[in-house]
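As structure tokens, the structure follows; a few thoughts come after it.
The values are calculated or read from the model by the stated rules, or taken from the named source; none is laboratory data. Computed from a predicted structure; not experimentally measured. Glycine also receives a Cβ, built like all others from the backbone with ideal geometry; neighbour counts cover every protein chain displayed.
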Amino acid sequence: MNIKWKKTKQNQIEKLRSDFYKNKVREQALKEKEEHLPNHEDTFVCLNHIQKIYPNGYYSVVDFNLDIKKGEFVVLVGPSGCGKTTTLRMICGLEDITAGALYIDGVYSNDLEPKDRGISMVFQNYALFPHLTVYDNLAYGLKVKKVLAKKLDKDGNQEIGIDNRAIQELIQERKWYIKHHPENEEELANIDHDIQEYQTKEVPLFVKRKLTKAEIDEKIKRAAEILNLEQLLDRKPSQLSGGQCQRVALGRVIVSDSKLLLMDEPLSNLDAKLRVSMRGEIIKLHKALHATTVYVTHDQVEAMTMADRIVIMDRAHIKQIGTPVEVYENPNCLFVASFIGSPQMNIFGVTYKKNGIYIADTLIQESQTIGLKIEEFYKEMLNQEKKKLDSLDQIYTDALLEDERSKALHCIENLEKIIHEQKYPIQFGIRPERVTLVKNKSNCIRLEAKILSSELLGDEYHIHVSIEDALILMKLPNTYKFEIGDRIQVTFDETKCYLFDSISGNRIV
């Protein structure tokens, strides 16, 4: 009965917390109706405090902030359900943005239709018409697309006059503002000024027209040449391999001449060999088109090999943004450290004593200064929790306030105990390539390890060893001779070791 009561109370608290967050986001959205969040300078795509909450209260993306430069290749990576695809769908207009501001090429795009955003998207399942040939699949979008062209007179010269098309577009924009933002008098005044100017000033005239057959053919031949599809233009999708279908999907992106390319796990349906070759195709395509690209994947190998910058997400939040080298060499938390890298980082519990870091009674890293850094980290963490406790009255009320206060007090009590007893809950991280065999005359800390198992990967072995109660993976050349159960001496590269807090997951050193 007591367990059932606790569970019911916990569910009530979680509902209150969900309602609190929904109200907070709703307030942000109402505030943004009066004034949009600003665009940032020197960015092609700006996501400013983007939030996504579904009607059932599930929050998929929380306070997402990202600036993407023109021509940059950005990869969103994370486990399933972390919010990366939802973010991509908000950029392309397939999902509404609950709060926050999206700018594409300097234009506020929250309310723009997908067709008006100047984007192309490559889907996970190719999305090819099965009854059309490769040529017709590539041409389909071009046949219905309209482009601006000069309006010519009988002599072939561009006409000059009153631009009624531009006036009608401004009138439609004015109607939209009256319906959605009637309080924005400054913007309405600017539109009225532009309408008046267009009505009195003669300008070069343009018309919207469909592409000619020759123009369509030229674009398709160019895309086919880039992607090596010349021999496949008369085939249907059923006659193509998975890699060829994906190249056709990429071809539609090329012919559209879009300023922004979005890719949603385009390689997940391909086998391992094809994925490697298609990664190269996409990188080559990006360099050829110089197009700004946002790519979503759950495969961190794709992220590391393709991206200019990586955005690592988990549970609707951004964990870290950086270049592949930055996130690999300097992970800011336990999640990033364990997620990025193949094979993943060795992470295991250790204890700190006055002269260094220990696994059980075995010294693995000697340092006189590391203790000060650890103590400073936990003291700062304690100060932050005390500040948080003092501010709870201004944020929460009633049962939610009581629950948050209880959590904060419990956390403060634990931190004070940790600092007093100097028993710090530390996780130690070391990458497999930084665990090496001890050379005979090497002046380093020698650790005795027992070989438990091995995996041959062509030019190297992945060796699983145990040091005390810690299980560790290391790499050895395929020329090394050993038997399962052998004891070897290894050492850690002390310049490439990481310490993380077990409570928050944050990096200490």
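Only one residue in ALA316, ALA307 is on the phi > 0 side of the Ramachandran plot and either without any contact (Cβ under 8 Å) to a residue 60 or more places away in the chain or of a type in the set (A, V, I, L, M) (or both). Which one?
Result of the check over ALA316, ALA307: ALA316.
Of everything in the range 204-242, what is loosely packed, with under 14 Cβ neighbours inside 10 Å and either in contact with a strand residue (DSSP E or B) (Cβ under 7 Å, 6 or more places away or on another chain) or basic (Lys, Arg) (or both)? Give them in sequence order.
Scanning the range 204-242 gives PRO204, VAL207, LYS208, ARG209, LYS213, ARG222.
Looking at the structure I just gave you, is GLY322 crowded, with 18+ Cβ neighbours inside 10 Å, of a type in the set (Gly, Ala, Ser), within 21 Å of GLY71 (Cα to Cα) and at pLDDT 95 or above?
Judged against the criteria, GLY322 is a match.
Does GLU302 satisfy the criteria of being in contact with a helix residue (DSSP H, G or I) (Cβ under 8 Å, 6 or more places away or on another chain), at positive phi and of a type outside the set (A, V, I, L, M, F, W, C)?
Judged against the criteria, GLU302 is not a match.
Only one of ILE488, ILE445 is among the aliphatic types (A, V, I, L, M), surrounded by 12 or more Cβ atoms within 10 Å (Cβ to Cβ) and assigned to a strand (DSSP E or B). Can you tell me which? Full working, then the answer.
Working: ILE445 fails: assigned to a strand (DSSP E or B).
Sole residue among the options that is among the aliphatic types (A, V, I, L, M), surrounded by 12 or more Cβ atoms within 10 Å (Cβ to Cβ) and assigned to a strand (DSSP E or B): ILE488.
Just checking, does the range 71-81 include any residue being buried (at least 21 other Cβ atoms within 10 Å of the Cβ) and farther than 15 Å from MET263 by Cβ?
Yes, the conditions are met somewhere in the range 71-81.
Restricting attention to the range 347-395, and to residues there that are of a type in the set (S, T, N, Q) and at pLDDT 90 or above, which single residue is nearest to ASP19 (Cα to Cα)?
Among them, the one singled out is SER391.
Hey, among ARG252, ARG247, which residue is surrounded by 12 or more Cβ atoms within 10 Å (Cβ to Cβ), outside the structural domain of GLU159 (by TED's automatic domain parsing) and in contact with a Phe, Trp or Tyr (Cβ under 9 Å, 6 or more places away or on another chain)?
ARG252
For every residue, the table says whether it meets (1) of a type outside the set (Val, Ile, Thr); (2) exposed (fewer than 15 other Cβ atoms within 10 Å of the Cβ); (3) in contact with a strand residue (DSSP E or B) (Cβ under 9 Å, 6 or more places away or on another chain); (4) in the same structural domain as GLN344 (by TED's automatic domain parsing).
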| position | (1), (2), (3), (4) |
| --- | --- |
| ALA408 | yes, no, no, no |
| LEU415 | yes, no, no, no |
| HIS420 | yes, yes, no, no |
| ASN440 | yes, yes, no, yes |
| ASP469 | yes, yes, yes, yes |
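Please find, within the range 325-340, the residue that is nearest to PHE73 (Cα to Cα) out of those that are buried (at least 20 other Cβ atoms within 10 Å of the Cβ) and of a type outside the set (Phe, Trp, Tyr).
If we take residues in the range 325-340 being buried (at least 20 other Cβ atoms within 10 Å of the Cβ) and of a type outside the set (Phe, Trp, Tyr), then VAL327 is nearest to PHE73 (Cα to Cα).
Have a look at LYS496, LYS475 and point out the one that is within 28 Å of LYS379 (Cα to Cα) and among the basic types (Lys, Arg).
Testing whether each residue is within 28 Å of LYS379 (Cα to Cα) and among the basic types (Lys, Arg) leaves just LYS496.
Tally time: how many residues in the range 400-439 are of a type in the set (A, V, I, L, M), farther than 20 Å from TYR352 by Cβ, touching a helix residue (DSSP H, G or I) at 6+ places or on another chain (Cβ under 6 Å) and touching a residue at least 40 places away in the same chain (Cβ under 8 Å)?
Result for the range 400-439: 1.
Check the range 268-281 and report whether any residue there is among the aliphatic types (A, V, I, L, M) and surrounded by 22 or more Cβ atoms within 10 Å (Cβ to Cβ).
no
Out of THR212, THR200, report the one residue that is without any contact (Cβ under 8 Å) to a residue 60 or more places away in the chain, of a type in the set (Ser, Thr, Tyr) and under 30 Å from LYS236 (Cα atoms).
On the way: THR200 fails: under 30 Å from LYS236 (Cα atoms).
Exactly one of THR212, THR200 is without any contact (Cβ under 8 Å) to a residue 60 or more places away in the chain, of a type in the set (Ser, Thr, Tyr) and under 30 Å from LYS236 (Cα atoms), namely THR212.
In the range 185-241, how many are within 30 Å of ILE167 (Cβ to Cβ) and not aromatic (Phe, Trp, Tyr)?
The number of residues fulfilling the criteria is 27.
Of the conditions (1) out of contact with any Phe, Trp or Tyr (no Cβ under 7 Å at 6 or more places or on another chain); (2) modelled with pLDDT of 90 or more, LYS439 clears all except one; give me its number.
Single failed check for LYS439: (2).
Would you check which residues across the range 364-406 are in a loop (DSSP other than H, G, I, E, B) and touching a strand residue (DSSP E or B) at 6+ places or on another chain (Cβ under 9 Å) and list them? Step through it out loud before you land on a result.
Taking the range 364-406 first, the residues in a loop (DSSP other than H, G, I, E, B) are 367-369, 395-397.
If the condition is that a residue be in a loop (DSSP other than H, G, I, E, B) and touching a strand residue (DSSP E or B) at 6+ places or on another chain (Cβ under 9 Å), then SER367, GLN368 are the ones that fit.
Table: residues versus (1) surrounded by 13 or more Cβ atoms within 10 Å (Cβ to Cβ); (2) among the aliphatic types (A, V, I, L, M); (3) touching a residue at least 40 places away in the same chain (Cβ under 8 Å).
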position	(1), (2), (3)
ASN346	yes, no, yes
ILE357	yes, yes, yes
ILE370	yes, yes, yes
LEU382	yes, yes, no
GLU385	yes, no, no
